[in-house]
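What follows is a single structure, written as structure tokens, with notes after it.
Rule-based calculations on the coordinates, nothing more; no lab input. No experiment lies behind these values; they were computed from the predicted model shown. Here the Cβ is made from the backbone with ideal geometry for all residues, glycine too, and neighbour counts use every protein chain on show.
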Amino acid sequence: MDTELPSMSSEELALFNELISNHFGIHFPEHKRKILETRLRPRLRANHVRRFIDYYLLLQFDLELELGPLTQAITNNESYFFRETLQFDALDMKCLDDLQKGGEPGRLRFLSAGCSSGEEPYSLNICLRGPLQGMSRDLMIDAFDIDQNHLAKARRAIYQPNSLRALSPSQKRMYFTALEDGSFELRSRFRHNVDFHHGNLLDAETLSGRVYDVVFCRNVLIYFTDEATRKTIDNFVHKVRPGGLLFLGHSESIIGLHSKFQAERVGQCIAYRRVDP
Ligand SMILES: C[S@@+](CC[C@H](N)C(=O)[O-])C[C@H]1O[C@@H](n2cnc3c(N)ncnc32)[C@H](O)[C@@H]1O
């Protein structure tokens, strides 16, 4: 029996990168070839093919059928509650008050784009309750991701301790119910207002027609090609209302990339104001 693990040639890597970046925006540079190999090998086994080129040809033939498992294999879904806390701190009463001036009266709309299993939109929901109290504003949070598996986890709102690693013991008690198996269930009052959807950042039709005061899209573009990043930001021009804010991850920047987003200090971090020159 042939037990040797298949390896991916440079040509195969280039073919996969073309397919993956067209569909998901994600790119695996040469130094991540081994990571891609490891992630795709179970898919070769599941489809009873021995070489990466065979799996590639199978995807060419019927991508739809393999789309779910392929998405799970290639996306990095790492997330946790209150990741990059300074951005949540920046959403204080003054910031929300300023946002309210240009938006829909009595309502604030947030979007978490690339929300993984929900830690980010639920963190927003938790942190905005304080400043919004007494402001008589409705809060609506939409969240979307390309990975259906993680969206299902988001809707269940049950988390392993790792997702709560940035929380103090008292925050854990306040926001979660500890379950017997060691996991934590988000209390129901923190689940209201958050709606999860399936969508792709590259697809202008995802949540089309909806416009937000604030969009969070963090730790997603870091894996994208330049072209996919540009396409995503073009789509955000229609999703963030003029005067609204776009927050990216701390290692992501679109400074100078689009004339309709201008970098600005908000609290102790940088966000991008949607301008309408
Ligand atoms: C590293 S997680 C970041 C989660 C969260 N934003 C955070 O910062 O904690 C990246 C998420 O982006 C999603 N993603 C990757 N490509 C996407 C695309 N083209 N459209 C929508 N979501 C995508 C992945 O499925 C994954 O859940």
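Listed values, structure above:
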read-out	value
Value at 222 nm in deg cm²/dmol, rounded to 500, when DSSP H runs of n ≥ 4 in the chain each add -39,500 (n - 2.57)	-12000 deg cm²/dmol
Segment 251-260 - phi-based ³J(HN,Hα) in whole Hz, Karplus 6.51/-1.76/1.60, Gly and Pro as x	9, 10, 9, 10, 4, x, 7, 9, 5, 8
Calculated from backbone phi, Karplus (6.51, -1.76, 1.60) coupling profile of segment 20-27 in Hz, x at Gly/Pro	5, 6, 4, 8, 10, x, 7, 10
Global form of segment 104-197, assessed from the alpha-carbon gyration tensor, a/c cut-off 1.5	oblate
Segment 100-236 - percent relative contact order, Cα under 8 Å, separation 6 or more	32 percent
Sites GLU78 and LYS101 - FRET efficiency at Förster radius 25 Å, r taken between beta-carbons, to 0.05	0.10
5 angstrom amide H check on ASP92, placed H, neighbours 5+ away	none
Where Cα atoms sit under 24 Å apart: lysine pairs in the chain separated by 8 or more or lying on different chains	9
Gain upon complete extension [HIS198, ILE53; 0.36 nm per residue less C-alpha separation]	49.3 nm
DSSP-defined antiparallel bridges as percent of all bridges, the chain, nearest 5	40 percent
Farthest toward positive dipole pole in the chain [+1 Lys/Arg, -1 Asp/Glu at C-beta], among SER168, SER116, TYR212	SER168
Column: log10 I(q)/I(0), Debye, Cα scatterers of the chain, q = 0.15 Å⁻¹	-1.14
Gyration tensor verdict on segment 10-74 (Cα atoms; rounded if a/c is under 1.5, prolate if a/b is larger than b/c, oblate otherwise)	rounded
